[in-house]
Amino acid sequence: MQFFACGVSFRETPLALRARASFTDTQKLEAIDRLAAAGAAQAAVLSTCNRSEIYLFAGEGEEAARALFLEREPALAPTLFSLRGREAVAHLFEVAAGLDSLVLGEDQILGQVQEALACARGAGSAGKELTRVFLSAVTAAKQVKTSLHISENPLSLCSIGVRRLQAAGAVQDQPALVIGSGKMARLALRYLADVGAASLTVCSRSMDHALALRGEFPGLCVRPFAERYEAARDCRVIVSATSAPHTVLREGEMPRAGGPLFLLDLAVPRDIDPAIGERPGVELFDVDSLRQTAEENREHRRALEAQGRAMLDRAVDETMDWLASVRVDGAVQSLQALCREAEEDTCSLLERKLQLGEHEKQILRKFVHAGMRRLVRQPILTLKSLRGESEQEQALRAVEKLYGWEEEES
């Protein structure tokens, strides 16, 4: 019985197809029922915006898992992946740690892995093995995140720029202006809010786009693009992120600030006249000044990712060793039960035949116990040391034949 994983992810499957492969909570339970009917007693479904995956333990059920995806969307066939054994375990560990995410090291996926296990438990499909693998993945992921802090090294120029502003003491409790209302401007608003800007104002040529931002940022002040210089007069932080082919803040029209002014220009070509940055008390960050930091962060993340994978490899090895030992648990328990039965029979017979005091009976039981344990100790150690599934299967069949368990079962 091997651990098996199949599914689709952002790496190979387009968003439109991933959407058709996703599972609602009700569909997860239905999928688990179908897998159980196909012979997979232990199964879990992980479904997010970037991936939909099925994990299971079974000698049967793999084809049923693949069929669940292909029935929903036949076009998934070329990008549907299947993994078995150690590869499947390692994949789950990497997913939980955020090392297989669109944003490296993201934290949300860890909670989603835990939710997948909780759903499987609620459906009665999380046995000892599945639970152990998922919990080991969660534990290893937390260790990687705690040790490496991969997600704390931003790669986007917008997040790096706002962090620069924050490090300069420019944002906390200060009014901020964002020029533009596109994707980059929305990100800037989010980052500025996260680091404590006192108030947020947007100036945009598209008032409809700008007003729509109020749904995400309650209290956002929206002003027409023509009022950008007037709005700039009241702000100590200005972020510009438009698609204009020319500068939108010109030196000759920019009002003089009554105190320090911090500017972040995220546009290419430039939105802000470089001459404004040469004024006393003004600090200007542009794309060129941020790119070096982004590349340094990217290299640092690559190094951290390699460290994270090495940490996960050790945890995966431990989990695979545990799974290997579990496969022989039944035979080990049978040998131990056989030993206890023989021990009890022998002691009971000798106690009936011999006139022994309580102290002598204790000594007798102690020696019989030690002798019986010696008889099964080496077979048990040998079984536990085997790691290959075929090797284990051969040994288990040999034990069953030697002790006549096959005949007893039949």
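Being part of a strand (DSSP E or B) and assigned by TED's automatic domain parsing to the domain that holds ALA137, is that true of even one residue in the range 71-79?
Within the range 71-79, none of the residues are part of a strand (DSSP E or B) and assigned by TED's automatic domain parsing to the domain that holds ALA137.
Can we say SER101 is closer than 25 Å to GLU63 by Cα, in contact (Cβ under 8 Å) with a residue 40 or more places away in the chain and not in a helix (DSSP H, G or I)?
Spelling it out, it is not the case that SER101 is closer than 25 Å to GLU63 by Cα, in contact (Cβ under 8 Å) with a residue 40 or more places away in the chain and not in a helix (DSSP H, G or I).
If you go through the range 321-366 one residue at a time, how many are outside any helix (DSSP H, G or I) and within 44 Å of the chain's Cα centre (by Cα)?
Residues flagged as outside any helix (DSSP H, G or I) and within 44 Å of the chain's Cα centre (by Cα) within the range 321-366 amount to 2.
Checking the conditions here, which among GLU283, GLU305 is outside the structural domain of ALA188 (by TED's automatic domain parsing) and either over 26 Å from GLY252 (Cβ atoms) or in contact with a strand residue (DSSP E or B) (Cβ under 8 Å, 6 or more places away or on another chain) (or both)?
Of GLU283, GLU305, the one residue that is outside the structural domain of ALA188 (by TED's automatic domain parsing) and either over 26 Å from GLY252 (Cβ atoms) or in contact with a strand residue (DSSP E or B) (Cβ under 8 Å, 6 or more places away or on another chain) (or both) is GLU305.
Within the group ALA315, ALA306, which residue is more than 23 Å from TYR191 (Cα to Cα), without any contact (Cβ under 8 Å) to a residue 12 or more places away in the chain and out of contact with any Leu (no Cβ under 7 Å at 6 or more places or on another chain)?
Matching residue, one of ALA315, ALA306: ALA306.
Tell me yes or no: at least one residue of the range 390-400 is at pLDDT 80 or above, over 40 Å from the mean Cα position of the chain (by Cα) and assigned to a helix (DSSP H, G or I).
Checking the range 390-400: not a single residue is at pLDDT 80 or above, over 40 Å from the mean Cα position of the chain (by Cα) and assigned to a helix (DSSP H, G or I).
Pairs under 6 Å by beta carbon, first residue without any contact (Cβ under 8 Å) to a residue 60 or more places away in the chain and over 20 Å from ASN50 (Cα atoms) in the range 21-38, partner in a helix (DSSP H, G or I) and among the small types (Gly, Ala, Ser), six or more apart or different chains?
ALA38/ALA64
So which of THR146, THR131 ends up being outside the structural domain of ARG186 (by TED's automatic domain parsing) and modelled with pLDDT of 95 or more?
The match here is THR131.
Go through the range 165-180 and give me each residue that's in contact (Cβ under 8 Å) with a residue 24 or more places away in the chain and part of a helix (DSSP H, G or I).
Answer for the range 165-180, where residues must be in contact (Cβ under 8 Å) with a residue 24 or more places away in the chain and part of a helix (DSSP H, G or I): LEU165, GLN166.
Is it the case that ILE32 is in contact with a Ser or Thr (Cβ under 6 Å, 6 or more places away or on another chain) and aliphatic (A, V, I, L, M)?
Considered against the rule, which asks whether it is in contact with a Ser or Thr (Cβ under 6 Å, 6 or more places away or on another chain) and aliphatic (A, V, I, L, M), ILE32 comes out as yes.
Return yes or no: is GLU318 part of a loop (DSSP other than H, G, I, E, B), over 20 Å from CYS158 (Cβ atoms) and acidic (Asp, Glu)?
Judged against the criteria, GLU318 is not a match.
For the range 266-278, how many residues meet the condition of being more than 12 Å from ARG164 (Cβ to Cβ) and touching a residue at least 24 places away in the same chain (Cβ under 8 Å)?
Residues in the range 266-278 being more than 12 Å from ARG164 (Cβ to Cβ) and touching a residue at least 24 places away in the same chain (Cβ under 8 Å): 7 in total.
If the Cβ limit is 7 Å and pairs must be 6+ apart or interchain, which residue in the range 336-353 that is closer than 14 Å to LEU375 by Cα pairs with which residue that is among the basic types (Lys, Arg)?
Listed pairs, sorted by first residue: CYS339/ARG373.
The values are calculated or read from the model by the stated rules, or taken from the named source; none is laboratory data. Computed from a predicted model, the values in this text were never measured in an experiment. Positions of Cβ are backbone-derived with ideal geometry, glycine not excepted, and every protein chain shown enters the neighbour counts.
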